[in-house]
Amino acid sequence: GQAQDFETWDLQTLFDEIHVHYQNSLQNSVMLKLETLNKYDTLLNLQKDSKIYRPTLFDFLNHQALEFYKTNETHITKPAYKFEIDNPDFLCDDFTFSKLELKSKDSTSLQLNALKIYQDLIQFHLKDKQPFALADVNIERLKFVNKYGSFSNKESLLLDVLQTESKKLKSHEVSGLYDFEIASLLFKQGQTYQPQTEEDTRWKTKEAIDICNTVISKFTNSKGSEKCATLKQHIEQQTIQIKTEDFLPIQKNGRLLVRYKNIDTLQFHIIQLKRSQLEKFNKIYRKEEQLAFIKKLDVDINWESKLKNENEDQTHSTEILVPKLNNGAYLIFAHLKNNENTFAFKTIQVTNLALIETESEHYKTFQVIHRNHGKPIANAHVEISYYINNNKGIHHEYFNTNTFGEI
C-alpha cells in the first residue's frame, strides 16, 4: 500500500525502501561468495590491487551496501528503542567480533545493519589463506565503531586492538596496514601537545615516525609502506607562521611571534613597500604568485635567526625582535635557509599615528592620536573614502583635525 510517488515519502520511508533493496542484493550469499569479481571487469572502474581486497561479488555488493549503511542517521526520527553502538565489545579483534550476537528491536537501524555486514565479511574472510581482504575490512570496521561508538575510552581501546591485530600478523605485510592506523592515531594524539600543560603527548609524533620507518624498511613496496611513507612526509613537513601587530611605532623595536616545526634556522627580510606595491600585493592569493612578487622587490634589511629544534616533530613558538624602522609600509618575509619555497610573510605599517573611532546617534567621530603617549594630533590631514548605497563609484572627502585631533 506504499504511495508510488517517492517524492511524497518522508526520510524514514525512503530509507526503509532503500534498505529492502540492499538486503535483496545480498541474498544468495553462497552463490555470491563463489562468484569471482574478475568476470565483471568491464562494468567496474578498476583500482590497483583492488581484487586482493575485494575478490568476489559478495565483497563488492556488501561494500556497496555499506556506503548506504554508514550514512549518519541524525536526520531520522528514531524510536525509543533506537540501536546504539554503546558496547565497548564492538572494539575487539576480528575473530571475537565474528562471534558477537548482533540483535536489536530497532532492526532497520543503519548502524546495526552496517555492523552485520562487517560481521558477514569478516566471517567470510577469516577462512582466507592470505589475510589481505580480512585486514582491509576489519580496519574499516574498527574505524566505523570508533567514529560512532557512544562509549568512553574509545581511542585507547582502538589502539589496543590495532596493536593486538598487528602482533598477530607481524611477519606478514598486512601488519603494516594496522601499524599505519596506529601511527596515524599517535600522530593525532601528538598534535594535542602543549608545552608544560600536555607534556605526556610530546613524543607521540616521534613514536608515529618510528613505526612508519619500521614498516617502510620491513615491508618495502607494500600498501602499508606506501601509506606510512605519505604519513611520514606529512609529519616531517617543515612549517612556518609569523604574527605581529599590524601597526608598529617609528624607530622602536617590535616583536614577532614565530610558530615553526622541524626548522633550525630562518632567513628574515624586511622590504619597504610603496602604496601601489602594497595594494597590488594584497590582491595576490596564490602562494607561487606571492613568492614571485616578493622575489622582484628590493630588500632593505636581512638577518638570520637560529631556532630551537628538539627533533620531535612538534610545533614550537618563539619571539623574535623586529629592527627599528622609519615611517612607511613594510613586508616581513621569512623562509627556510637555502629554500624560499617554505615561507611566511606579514605586512605592517610603521607609524606614530593611531585612529580612534566613536559613534553617536548623529555623528561618527574619528580622532587622530600619537601612538606612544596618546596625545591628540591637531591639524592632521585625513582622507575618507566611501561608497553610497553600494554604487561602484568611490567618494573621497578631505578633512583637517581640530585641536582635539578630531573630525
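The values are calculated or read from the model by the stated rules, or taken from the named source; none is laboratory data. What you see is a predicted model; the values in this text were computed from it and never measured. All Cβ positions, glycine included, derive from the backbone under ideal geometry; neighbour counts span all protein chains shown. Accessible surface areas use protein heavy atoms only, side chains included; no ligands, DNA or RNA. Shrake-Rupley method; radii C 1.70, N 1.55, O 1.52, S 1.80 Å.
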### Query
Would a scan of the range 207-222 turn up a residue that is among the basic types (Lys, Arg), within 22 Å of the chain's Cα centre (by Cα) and open to solvent by 20 Å² or more (accessible area, probe 1.4 Å)?
no
#### Entry: Residues within the range 345-398 that are closer than 30 Å to Leu331 by Cβ and either in contact with a helix residue (DSSP H, G or I) (Cβ under 7 Å, 6 or more places away or on another chain) or of a type in the set (A, V, I, L, M, F, W, C) (or both), tallied
16
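Conditions (1) over 14 Å from Ala344 (Cβ atoms); (2) aliphatic (A, V, I, L, M); (3) outside any helix (DSSP H, G or I), marked per residue:
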{"position": "Ile242", "(1), (2), (3)": "no, yes, yes"}
{"position": "Glu245", "(1), (2), (3)": "yes, no, yes"}
{"position": "Leu256", "(1), (2), (3)": "no, yes, yes"}
{"position": "Tyr260", "(1), (2), (3)": "no, no, yes"}
{"position": "Gln272", "(1), (2), (3)": "yes, no, yes"}
{"position": "Asn302", "(1), (2), (3)": "yes, no, yes"}
{"position": "Asn311", "(1), (2), (3)": "yes, no, yes"}
{"position": "Ser317", "(1), (2), (3)": "no, no, yes"}
### Message
Would you confirm, using the coordinates I've provided, whether Glu312 is at pLDDT below 95 and open to solvent by less than 80 Å² (accessible area, probe 1.4 Å)?
### Response
yes
### Query
In the range 85-127, which residue that is of a type in the set (Asp, Glu) and in contact with a helix residue (DSSP H, G or I) (Cβ under 6 Å, 6 or more places away or on another chain) is farthest from Asn62 (Cα to Cα)?
Asp93
### Query
Could you say which residue among Ile18, Ile52 is over 17 Å from Lys127 (Cβ atoms) and in contact with a Phe, Trp or Tyr (Cβ under 7 Å, 6 or more places away or on another chain)?
Ile18
### Task
Being open to solvent by 60 Å² or more (accessible area, probe 1.4 Å), of a type in the set (D, E, K, R) and either closer than 17 Å to Ser29 by Cβ or assigned to a helix (DSSP H, G or I) (or both) is the filter here, so list the residues in the range 39-80 that pass it.
Lys39, Arg54, Glu67
### Query
Pick from the range 81-113 the residues that are among the aliphatic types (A, V, I, L, M) and not in a helix (DSSP H, G or I): which of them is most open to solvent (accessible area, probe 1.4 Å)?
Leu100
### Query
Does Glu279 satisfy the condition of being closer than 30 Å to Trp203 by Cα and among the acidic types (Asp, Glu)?
no
### Task
Tell me which residues, restricted to the range 114-136, are assigned to a helix (DSSP H, G or I), of a type outside the set (Ser, Thr, Tyr), in contact (Cβ under 8 Å) with a residue 40 or more places away in the chain and out of contact with any Pro (no Cβ under 7 Å at 6 or more places or on another chain).
Ala114, Ile117, Asp120, Leu121, Phe124, Phe132, Leu134, Ala135, Asp136
### Query
Does any residue of the range 283-290 turn out to be touching a residue at least 12 places away in the same chain (Cβ under 8 Å) and either buried (at least 18 other Cβ atoms within 10 Å of the Cβ) or in a helix (DSSP H, G or I) (or both)?
yes
